[in-house]
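Undergrad: Can you keep this structure in mind? I'll have questions shortly.
The values are calculated or read from the model by the stated rules, or taken from the named source; none is laboratory data. What you are looking at is a predicted structure, and each value in this text was computed from that prediction instead of being measured. FYI the Cβ positions are ideal-geometry reconstructions off the backbone, even for glycines, and counts take in every protein chain you see. When the accessible area is computed, the model is the full protein with side chains, heavy atoms only, and any ligands, DNA or RNA have been set aside. Shrake-Rupley method; radii C 1.70, N 1.55, O 1.52, S 1.80 Å.
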Amino acid sequence: MKKGLFISIEGLDGSGKTSCILKIKEHFEKIGHQVVVLREPGGTPIGEKVRDILLDAKNTEMTDVAEMLLYASSRAQLFSQIIKPTLESGIIVICDRFIDSSVAYQGYGRGIAIDDVLAVNLTAIQNTLPDITLFIDIDPKTSLNRRFSVSETDRLENEKIQFHQRVYEGYLALCQRFTKRIKRIDGNGSIDHIYELMMIEINQCIEKE
Ligand code: TMP
């Protein structure tokens, strides 16, 4: 069975993920590929409901473990219902956040044991990691400034700068641990520049396949 390319994009809020994903999608469609773009949490009817619970700024009483499991349940649904069959039919899947978000936010950010977060989430995704993960690197201060320039912020975005600093350090640790899969992209330039850096990594990944 032909397998599609599986790409995930990671980074702090405001890193330019969404704009870059659109450009990557356009590029592959122009050269004749089918592309499915998904976002996490969400991407399925069940997952979108879970997303509403997770991001609702009123849900201040949510425990860290409940939060971790909710993200994992949205991911499990997305993986089985959409990602797996889409990849099996040879279509390119681009995921706006995936397992590394949980390791960075719930593991490093909340302080849940990294191996526990990994174990739960590897079950959710049936051990299917992306072919390539691009981490758009902007520092927490830049992220904070960009986030507060938008009108409403969600439950996670409302966390203190120290939380986002731990998440950021978590991402850097992940880049060092999974050097083959996760590529760090300098997120300080223009969207066009970030996109170009991302395409260099994606093309190298395709050549290796
Ligand atoms: P988004 O703003 O990129 O749509 O993501 C929603 C928020 O959820 C964002 O602040 C990061 C957070 N998040 C986690 O904490 N863990 C996860 O596993 C995922 C996918 C997102």
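Undergrad: What's the whole-number percent of alpha carbon pairs in segment 107-209 lying beyond 23 angstrom? Before the final figure, lay out each step's value.
TA: On the way: 2043 of 5253 pairs.
Summing the P(r) tail past 23 Å for segment 107-209 gives 39 percent.
Undergrad: Run through every distinct alpha carbon pair of segment 6-208 and return the Kirkwood hydrodynamic radius in angstroms, one decimal place. Spell out each step's value before the answer.
TA: Values: mean 1/r = 0.0583 Å⁻¹.
The answer is 17.2 Å.
Undergrad: To the nearest 10 square angstrom, how much accessible area does Val120 have with a 1.4 angstrom probe?
TA: Approximately 50 Å² for this residue.
Undergrad: Please report, for the Cα atoms of segment 7-102, the Rg to one decimal and the Dmax as a whole number; what are they, in angstrom?
TA: Values for segment 7-102 (Cα only, Rg and Dmax): 14.4, 48 Å.
Undergrad: Let me ask you something else. What distance in nm lies between label points placed 7 Å from Cα along the C-beta direction at Gln126 and Lys23?
TA: Label-label distance for Gln126 and Lys23, simple model: 3.4 nm.
Undergrad: Would you mind getting the accessible area per residue of the chain, heavy atoms of the protein chains only, 1.4 Å probe, in Å²?
TA: Working: 10200 Å² over 209 residues.
Roughly 49 Å² per residue, with all protein chains present.
Undergrad: Turning to a different aspect of this structure: Can you give me the distance in nm between label points at Lys49 and Val65, each placed 7 Å from the Cα along the Cα-to-Cβ direction?
TA: 2.4
Undergrad: If you take the beta carbon distance between Lys84 and Ala173 as r and set R0 to 25 Å, what does 1/(1 + (r/R0)^6) give as a FRET efficiency, to the nearest 0.05? Don't jump to the answer; show the numbers that get you there.
TA: Details: r = 28 Å, r/R0 = 1.13.
So, using R0 = 25 Å, E works out to roughly 0.35.
Undergrad: Also: Rounded to a whole number, what % of the accessible area of the chain do carbon and sulfur atoms account for, probe 1.4 Å?
TA: 53
Undergrad: FRET efficiency for Arg155 and Lys3, Cβ-Cβ distance as r, R0 = 30 Å, nearest 0.05? Walk me through the numbers on the way to the answer.
TA: Working: r = 36 Å, r/R0 = 1.19.
Calculated value: 0.25.
Undergrad: Separate question: Using modelled amide H (1.01 Å from N, peptide plane; none on Pro or chain starts), what sits under 5 Å from the amide H of Ser8, excluding residues fewer than 5 places away?
TA: Hits under the 5 Å cutoff: Cys95, Ile132, Thr133, Leu134.
Undergrad: Could you compute how much accessible surface Thr123 exposes when probed at 1.4 Å, giving the result in Å² to the nearest 10?
TA: Counting only protein heavy atoms, the figure is 110 Å².
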